Amino acid sequence: MNTRILVETEGETSRLKALQKEIKQLKELLIKKDLDKLALDSYLEVAAEKLGYKNVDELKKNLNIKP
């Protein structure tokens, strides 16, 4: 018979819940960071186009911005 018994203390349970909450918060922050980067990249593309550059890399090179 394959049976597994798991014994957790109250402290372990609360620690597990705290870690799960932290993981959720970190995932949300990562999503926000990705969206912010996407918006910034889009702004740079529009700026490069409006200023007459061939692409964003040319704009960055001209402004001395490291990739």
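Readers should treat all values here as calculations from the given coordinates under stated rules, not as data from a laboratory. Predicted model only: the values in this text are computed from it and were never measured. For neighbour counting, all protein chains shown are included, and Cβ atoms are generated from backbone atoms with ideal geometry for every residue, glycine included.
Length gained on full extension, Lys32 to Val7, computed as 0.36 nm times the residue gap minus the Cα-Cα distance: 5.3 nm. Taking a quarter of the surface of the Cα convex hull of the chain gives a mean projected area of 8.7 nm².
With helices as the sole contributors, the chain gives -25500 deg cm²/dmol at 222 nm; each DSSP H run of n ≥ 4 counts as -39500 (n - 2.57), and the sum is divided by every residue. Among the trypsin sites (Lys or Arg not before Pro) within segment 1-56, those in coil by DSSP and having at most 15 neighbouring Cβ atoms inside 10 Å are Arg4, Lys54. Axis of helix 10-50 versus longest Cα principal axis of the chain: the two differ by about 10°, to the nearest ten degrees. A Förster distance of 30 Å, applied to the separation of the beta-carbon atoms of Ile65 and Ile23, puts the FRET efficiency at 0.35. A simple count of charges around Leu44, restricted to other residues whose Cβ falls under 12 Å of its Cβ and scoring Lys, Arg +1 and Asp, Glu -1, yields -2.
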